[in-house]
Amino acid sequence: MLMLLVALGSQAPAPCPHAAAAGRETTTGWRAYRREAIAEAATHFAAADSLCPGDHATQIGLGFVLLRQRQPRGAAERFLRAVASDTSDAEAWYGLGLARSRLGQRAAAVDAWRRTLRLAPGYEDAELQLLALGDSGLALPAVVRPVDPAVPARTAGDGFEIHTNAGWRPFYVKGINLGVALPGRFPSEFPTDDSTYGRWLELIAGAHANAVRVYTILPPAFYRALKTWNEAHPDRALWLLHGVWTEPPPRADYDAPGWKRDFRSEMRRVVDLVHGHALIAARPGHAFGRYESDVSDHVLGVIIGREWEPFSIRVYNARRRDHTAFAGRFLALDRGTPADAWMAEQCDYLVAYEWDTYHAQRPIAYTNWPTLDPLVHPTEPTLEEEQGLRRRYGFPPNPRLKEYDNDRESLDAMLVRTTPADLAGYFASYHAYPYYPDFIDLDSAYAAAGSAEGRSRYFGYLRALKQHHAGRPLLIAEYGVPSSRGVSHLQTDGLGHGGHDERAMADIDARLTREVRAAGAAGGVLFAWLDEWFKHTWVTIELEVPPERSRLWHNVEDAEQHYGLMGEYGGASADATPAPGGDPAAWRALSVLARGDSLVLRVGADPSYLYVALAGRPEFDSARYVVGIDTYRRDRGQFRLPGVAGPAGEVGSEFALVLNDTSDAQLMVAPWYNPFLEPRSGMGPTGLDRFHNEAATVDVARSDGALDSLFVTTNRWRIARNGRTYPPRGVNRGRLRHGRAAEASLADWYVDRAAGLVEVRIAWGLLNVTDPSSRRVMVRYRRAGGGTFETAVTDGFRFEVAALDRVHGGVVAHLGPERTYAWPTWEAPTWHERLKPAYDAMREVWGGESW
């Protein structure tokens, strides 16, 4: 077919008498196409084709319209006609490649795009399409290695220095970790436009940060935006700390040839791209494209790897007992563990590659964290030690421990020395938060410490960490606290993993920032720029099912989703989203689910919350409310609301809102449907060693009015090496906070007396909703599945409302569960964003004269 069309096209086409009119139609068609009016464009291109059948430009227009209309076969026919009439038109070959690709004709598509690039070497879209196929066959120009070495930054004693026109000057790192996953996106679905990164970088610089850290290779747009910002703002330039990401090796074999080869390939990619000299083909879960923005003059350092699991380090150390030293060109280790030697070897490899290829160096480190620090912690026995201590002191064994050995293995950057060939230096990089591991909270040496902020166990740990790393820069590459409603771990000084109002988060982040500097660190990189919905934490992960859909909804109980200076919230806009104590109009806009003689129930939902509003009489000052919530199967659940006399209801409720007064309100759960164990007598001297309720099920029906609190154990029972024990700790997740959301971001409910409204928002995670986007709820514990929960799709929720007289206790108003609220499901969440108070707090701290 192609040969025939090319032969026909070789003959000069006969002049078209309507060429002028056809040209006008084609021009108008392209204008419509560019403003996304595809149907209108199709009409104009068809008119042009009828006036001058086979016109070259018209065939191209029709081809692209057919692609937009998902008709690749028809599009291919049009592009074939176009290349037959003019074989030198790169646009026609590009369109033909798109059509062939969508028809599954990979080899033919590659051929068309390679022809495009031969005709138009700078055709970026064609190059991108080839890279997206993973095998571009494209080539880069040879690297011209400069004569003089390029060393834009170096270590100097306990800190960093950067090179300026006036010579070397000290550089204290004021950084922000840049995760880039927007709501609804997987972490590998990166924004690809320069404008998004440009806006973020401008805001980050506006907070007086001087550095950004990325964990993995981002799209070319990020590096273009960084270069553009730094060239336009030399006095406010942002330095880059670049990571080299990897997943753990199979079977903890860090010397596995394939895995190690891939890790080193990623190192070379990172070095190449920061020098603007990389063509990276698509790989699952990775960014790709042409990297031609040379940002190497503002790359402060490279941090390889991730938070390494202690158990894998233990396995590797046992396997490679012969590998306890390393002598490289730039780094050396005279004696250490096999893992210490391996880390030094990989860092040396990256430094050597950049030196040999680009005649450049910069400081380097590997990622470390407290579970692998080189310090000794008396309150943190190993798992074997703990079981022995339990036996010695008469406590029962705990076979369910699934925690890291946080004081068995170590990685020690101080064992590494630089050689004379190393011009840029080596530093220690730690992710260090105040709430984990428990030894930061429990070791007496840290408990006695204090900073200018007051008593501070975190400062005590940082100071000890810095004392060990004296003479070498210590970068705290992650720190901060999240503004989640949920709490994953409590900390004695109030610096826990979650449970912080956004204003409290701001105060704590500022405090931690000052303590990092006061401890003698070379800088700190605050975690993080964005709230990222795809993340999980240990308390919530087994109730975020399916896990791959967690990106589609906002679990305000999940601490890991709430570290951002830029908050990401459910709902299309802040103005239209109901908020306790906010605009009553947003609450009145919710759907009316039930209406009685004096009482109205409105209900709504978005990716963050279920919303419940009560209006009418009796007013809250004269009555308290109990609201039963049936989440799955009306024939199961608790058929009697707590404290409500009279006959049992017709619909069973799994949950009940008990709104007694503004200081006493909570959400409660049917005991058999509680996914977490409540603390009860008779559970043994160690308190709660089990975490989940392995008998949890929805398939129970009772009428006794019994309900549990939503208590969860966040800190397990522990025993120190000297036999001292520490009781378990936890929180009642169902305790509801009264207040205005504008003043307290964790407010759950509000009594708006002026508007006559009782306003409640309930986090999805509190209701055992495992995925609101698909209306999926937990139904039982999966015993054979290794500790996860089975789920099912609910038809919706039913509500029963009872208003009880505050004096006499009788029911004065009642709404039955007559209708079911089935909220719309979604595949793309509605969301909005705003800067949290922590942004202004960091701007104030970092903008101070002493910084």
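The distance separating the Cα centre of region 111-183 from that of region 196-252 comes to 11 Å.
What shape does region 123-164 take by its C-alpha gyration tensor, where a ≥ b ≥ c are the square roots of the eigenvalues and a/c under 1.5 counts as rounded, a/b above b/c as prolate, and the rest as oblate? Note, shape of region 123-164 comes out prolate.
3J(HN,Hα) couplings calculated from phi for region 718-730 with the Karplus curve 6.51 cos²θ - 1.76 cosθ + 1.60 (θ = phi - 60°) are, in sequence order, 9, 10, 7, 5, 8, x, 5, 10, 10, x, x, 9, x Hz; Gly and Pro show x. For the chain, which cysteines have no disulfide-compatible partner, meaning no other cysteine Cβ under 4.7 Å? So, 347. Any of 174/402; 260/836; 402/836; 402/535 with alpha carbons more than 31 Å apart? Name them for me. Going by Cα-Cα distance, 174/402; 260/836; 402/836 fall outside the 31 Å limit. For the chain, the antiparallel share of DSSP beta bridges with both residues in that region comes to about 75%. Couplings 3J(HN,Hα) for region 792-800, derived from phi with the Karplus relation 6.51 cos²θ - 1.76 cosθ + 1.60 (θ = phi - 60°), are 8, 7, 8, 7, x, 10, 10, 10, 10 Hz, where x marks Gly and Pro. Solvent exposure of residue 168, expressed as accessible area, is near 90 Å², computed with a probe of 1.4 Å over the protein chains only.
Once backbone amide H atoms are built at 1.01 Å from N, residue 788 has 782 as its partners under 5 Å, excluding neighbours fewer than 5 places away on the same chain. Taken along its three principal axes, the alpha carbon spread of region 493-574 comes to 44, 30, 23 Å, from the longest extent down to the shortest. Seen from a random direction on average, the alpha-carbon convex hull of region 285-370 projects onto 7.7 square nanometres. Rounded to the nearest 500, the 222 nm mean residue ellipticity of the chain from helices alone is -8500 deg cm²/dmol, with -39,500 (n - 2.57) taken per DSSP H run of at least 4 residues. Rounded to the nearest 10 square angstrom, residue 414 shows an accessible area of 60 square angstrom against a 1.4 Å probe. Along region 603-608 the Karplus relation, 6.51 cos²θ - 1.76 cosθ + 1.60 evaluated at θ = phi - 60°, assigns HN-Hα couplings of 9, x, 7, 8, x, 9 Hz to successive residues, with x for each Gly and Pro.
Over all projection directions, the Cα-based convex hull of region 414-549 averages an area of 10.3 nm². For residue 676, the amide hydrogen comes within under 5 Å of the amide hydrogens of 693, counting only partners 5 or more places away or on other chains and with H modelled in the peptide plane. Note on region 535-626: Cα-only Rg and Dmax are 16.5, 47 Å. Expressed as a whole percent, the accessible surface of the chain that belongs to carbon and sulfur atoms is 51, based on a 1.4 Å probe. Indicate the gyration tensor shape class of region 611-748 (rounded, prolate or oblate), computed on the Cα atoms with a ≥ b ≥ c the square roots of the eigenvalues: a/c under 1.5 is rounded; otherwise a/b larger than b/c is prolate and the rest oblate. Oblate, since a/c reaches 1.5 and b/c is not below a/b. All Cα-Cα separations within region 88-198 were binned at 10 Å from zero, giving a P(r) of 11, 23, 21, 24, 14, 7, 0, each value a whole percent of the pairs. Between residue 402 and residue 335, the simple spin-label model (points 7 angstrom out along Cα→Cβ) gives 4.1 nm. Computed on protein heavy atoms with a 1.4 Å probe, the accessible areas place 402, 260 in the order 402, 260, largest first. At a probe radius of 1.4 angstrom, the accessible area of region 400-488 per residue rounds to 31 square angstrom.
Near residue 599, the amide H atoms lying under 5 Å from its own belong to 617; only residues 5 or more places off or on other chains count, and H is placed 1.01 Å from N.
Residues 297, 597, sorted by accessible area with the largest first, give 597, 297 [1.4 Å probe; ligands and nucleic acids excluded]. Computed log10 I(q)/I(0) for region 296-425 at 0.18 Å⁻¹: -0.98, from the Debye equation with unit scatterers placed on every C-alpha and solvent omitted. Local charge sum around residue 632 (other residues, Cβ-Cβ under 12 Å, Lys/Arg +1, Asp/Glu -1)? Once all neighbours under 12 Å are counted, the net charge is +1. Along each principal axis, taking the top coordinate minus the bottom one, the Cα set of region 22-151 gives 64, 28, 25 Å in descending order.
In this view, the solvent-accessible surface of residue 145, computed with a 1.4 Å probe and all protein chains in place, comes to about 100 Å². On full extension, the segment bounded by residue 135 and residue 102 gains 10.2 nm, given 0.36 nm per residue less the C-alpha separation. Shown here are the Rg and Dmax of the Cα trace of region 152-265, at 16.9, 51 Å. Placing 192, 791, 825, 379 in order of accessible area, with the largest value first and a 1.4 Å probe, yields 192, 825, 791, 379.
Pairwise Cα distances in region 755-851 exceed 19 Å in 69 percent of cases. Net charge of the neighbourhood of residue 375, taken over other residues with C-beta under 12 Å away and scored Lys/Arg +1, Asp/Glu -1, is -3. Considering the chain at the alpha-carbon level, its Rg and Dmax are found to be 31.3, 102 Å. Relative to the globular-protein estimate of 2.2 N^0.38 Å, the Cα radius of gyration of region 432-496 stands at 1.14.
The values are calculated or read from the model by the stated rules, or taken from the named source; none is laboratory data. Since we're looking at a predicted model, the values are computed, not measured. Here Cβ is always computed from backbone atoms with ideal geometry, including for glycine, and neighbour counts include all displayed protein chains. Ligands, DNA and RNA are stripped out before the accessible areas are found, and what is left, the full protein with its side chains, is counted by its heavy atoms. Shrake-Rupley method; radii C 1.70, N 1.55, O 1.52, S 1.80 Å.
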